[in-house]
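Engineer: I have a structure here, written as structure tokens, and I will follow up with some questions on it.
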Amino acid sequence: MGCADEIVLIANYVIIIVSVISLIASIGVIILCFIGDILDDFTLKIIMYMAINDLIRSCALIIPLCFESKNYICMFFGYIVVFTFISNVVWAASIIVTLYIVIIKKHRNYERFMKYWFIAAYPLFAIILSIPYSTNSYGFNGGMCTLKDDYYGNIWRFTLLYFPYWVFIILAVWIFYKLHQMLKESDSGTLDSLVLKRGYIYSLIIFVMVVFLSAVRTIQLFTDTCPIKYMSFSLDSVIGLHGLLNGIALICNQTVRKQLKYKFCRDLSNMYYDPSSISPSFGSEKDIN
């Protein structure tokens, strides 16, 4: 059995495991966003969009493994896998750009840009990523549905995926430097505040994934040895856990924990002390913020 065959055999089990974990975590994030009444926050709206993308991507990784012949089904699900990931990259970029607009430029009406990010994350890249269909470049590769590892597949991978990735990464590094320089001069401006409290962690997670993935893919162009193949597969598996990592980052957010604790305690209090809570209600009490 060759190296490629071994990877495909292992991938069938690993992809199912990581995808199911990410699927469950993504559902958990979506439920927390709704139950915790935290969707008023701009960043957390984006986290929910990311969770929906991760949920769809996990399904797109699992479903093809149920079919013996994957040639035709991967033409559709390969597109979904690639599209949902780059959509998350766009949302990650939107977080850091919004931080720049609010903290550096002092603009408060930042939510008006949401529609433009939505257009970029979905309709725009949905159209762009349909281009590889012209060369039949979506298929089964390395145990999953994605862009094929051939001449045209690599052209699309580096031009349509990695080029936008690195543009966003360079932008993220520059904005991070500018934000850190400004925040460290204020009392509340610390690295912890920027990364955890202000939501940079969500962008950081996905950009770190992109850096390592694109580096390994570039090396594969020159030397496609067995260790490199395994490294590439391992990174794909880690990317498959993005839903879980986002969920962990969400729970690590102190503001989110406080809001969830407040919501839980308030509902628990109403359950025990509010007689109307046991009878049907046609109105809804607004949250006290």
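A short reminder: the numbers here are calculations on the coordinates, not readings from a lab. On a predicted model such as this, the values are computed, not experimentally measured, just so you know. So basically every Cβ, Gly included, is an ideal-geometry build from the backbone, and we count neighbours across all protein chains shown.
Engineer: Please give me, ordered by residue number, the trypsin sites (Lys or Arg not before Pro) of the range 56-130 that lie in loop per DSSP and have at most 13 other Cβ atoms within 10 Å.
Structural biologist: 105, 106, 108
Engineer: Measure of size requested: the Rg and Dmax of the range 3-258, with Cα atoms as the atom set and Å as the unit; please supply both.
Structural biologist: 18.6, 60
Engineer: Please report how far the C-alpha centroid of the range 129-185 lies from that of the range 70-112, rounded to the nearest whole angstrom.
Structural biologist: 11
Engineer: Around residue 226, with a cut-off of 15 angstrom between Cβ atoms, what is the net charge of the other residues, counting Lys and Arg +1 and Asp and Glu -1?
Structural biologist: Residues near residue 226 contribute -3 overall.
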